[in-house]
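The values are calculated or read from the model by the stated rules, or taken from the named source; none is laboratory data. Being a predicted model, the structure only gives us computed values, none of them experimental. FYI the Cβ positions are ideal-geometry reconstructions off the backbone, even for glycines, and counts take in every protein chain you see.
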Amino acid sequence: MAHVFETFKRKIKELYGEESLEWWDRSYIVDWLVATAVLFLAYFVEGLPVFERDFKLDDPLISHPHTHQRISGHTNVLIALVVPMTASGIVGGARSSVVEIHHGILAAWSGRALNSIITEALKNRVGRLRPDFLARCAWDAAAQACTGNAGDITDGRRSFPSGHSSTAFTGMTFLTLFIAGKTASLCFSVPGPPRSILGSRLVRLMLTLSPLAWATWVAISRVEDYRHHKEDVIVGSTIGAISAAICYLIFWPSPFAAANFRMESTGRPRLLYQKHDLRGNSRDGYELTGLEHDVEAV
């Protein structure tokens, strides 16, 4: 394994230069392991028994038809995870920056993990019934029990919060913040370049907010497809957005602070683990670095 890692580092240095991995610290491996462990824990939690809430056969909130969903869970996850990671890779590659590629992918992966564990834990413990639960249930009056497909019935008890909405907003909120961090579109005090189409404030703003349009459409479709109540979608979207924002801000500076758009620091990620601080003073052990610009901007 050590030989493989050394070979990988040598290839990176050949492509991006001898100093391309100067920022690397073994603590990043721990970050990857923690995020991956949390994601696997979320899959484990998803398989735990669901709280079985009582219901009434005349409840109009759960009596909607079981219809075809317009976007599957696998497609949603693929878009919400692969698109932000690909954008990070393309931008980082264009800027010949391994740290930007790494931080972008790690932040997106971490946001996915944080969102998943929160969403799956709430789904199983709340046990709210989906709008189409009675159609899934196929109640038999003689047997006094649901006779539908067991998997569909169990899934019908996992309405709150909306996993589609939280997943979509995790990926697209990260992508929105990522674009804003490169263009200063959400920091209105930073002047844009004159006589440029891409320098237009509205062009930058629309480009930045466009990922959220996709996430919003996914959330609305869950209500229209009778998979979720509106409260499920609102809470799920909020969980996803907050998870993405937290993990983005761990690895990247705030896109709202003007000090982070100085000529030499625009679009650069945080260097979390360093032997020295920005003043050259020695540090021992774990430290968060790269936060000074945010403090100055307050």
Exercise for review: Go through the residues of region 19-37 one by one and say whether even a single one is more than 16 Å from residue 117 (Cα to Cα), among the small types (Gly, Ala, Ser), within 24 Å of the chain's Cα centre (by Cα) and modelled with pLDDT of 90 or more.
Suggested key: yes
Review point. What about residue 57, is it of a type in the set (A, V, I, L, M), part of a helix (DSSP H, G or I) and on the phi < 0 side of the Ramachandran plot?
Key: no
Revision key, fill the gap. When restricted to 218, 223, the only residue part of a helix (DSSP H, G or I) and either surrounded by fewer than 19 Cβ atoms within 10 Å (Cβ to Cβ) or more than 18 Å from the chain's Cα centre (by Cα) (or both) is 223
**Study point:** Residues of region 226-259 that turn out to be modelled with pLDDT of 95 or more and in a helix (DSSP H, G or I), as a count
**Key:** 22
Study note, to complete from the structure: Within region 151-168, of all residues that are part of a loop (DSSP other than H, G, I, E, B) and in contact with a helix residue (DSSP H, G or I) (Cβ under 7 Å, 6 or more places away or on another chain), the one surrounded by the most Cβ atoms within 10 Å (Cβ to Cβ) is 162
Practice item. Please specify each residue of region 136-150 satisfying the condition of being within 21 Å of residue 69 (Cα to Cα) and either surrounded by 19 or more Cβ atoms within 10 Å (Cβ to Cβ) or of a type in the set (D, E, K, R) (or both). Key: 136, 137
Practice item. Kindly indicate whether any position in region 94-101 is modelled with pLDDT under 95, touching a Phe, Trp or Tyr at 6+ places or on another chain (Cβ under 8 Å), farther than 15 Å from residue 50 by Cα and not in a loop (DSSP other than H, G, I, E, B). Key: yes
Review point. Name the pairs whose Cβ atoms lie under 9 Å apart, with the first residue in region 227-241 and within 17 Å of residue 72 (Cβ to Cβ), the second acidic (Asp, Glu) and surrounded by fewer than 24 Cβ atoms within 10 Å (Cβ to Cβ), and 6 or more positions between them or separate chains?
Key: 227/132
**Study point:** Search result, residues across region 202-226 that are over 20 Å from residue 132 (Cβ atoms), of a type outside the set (S, T, N, Q) and in contact (Cβ under 8 Å) with a residue 12 or more places away in the chain
**Key:** 204, 205, 207, 209, 211, 212, 214, 215
Exercise for review: List every residue pair whose Cβ atoms lie under 8 Å apart, where the two residues are 6 or more positions apart in sequence or sit on different chains, the first residue falls within region 138-151 and is at positive phi and in contact (Cβ under 8 Å) with a residue 60 or more places away in the chain, and the second residue, located anywhere, is of a type in the set (S, T, N, Q) and in a loop (DSSP other than H, G, I, E, B).
Suggested key: none
Practice item. Could you check how many residues of region 60-74 are surrounded by 11 or more Cβ atoms within 10 Å (Cβ to Cβ), modelled with pLDDT of 95 or more and part of a helix (DSSP H, G or I)? Key: 2
Exercise for review: Residues being at pLDDT 85 or above, farther than 17 Å from residue 81 by Cα and either among the aliphatic types (A, V, I, L, M) or in a helix (DSSP H, G or I) (or both): count how many of those fall in region 169-200.
Suggested key: 6
Practice item. Please indicate, with yes or no, whether at least one residue in region 186-193 is in contact (Cβ under 8 Å) with a residue 12 or more places away in the chain, surrounded by 24 or more Cβ atoms within 10 Å (Cβ to Cβ) and not aliphatic (A, V, I, L, M). Key: no
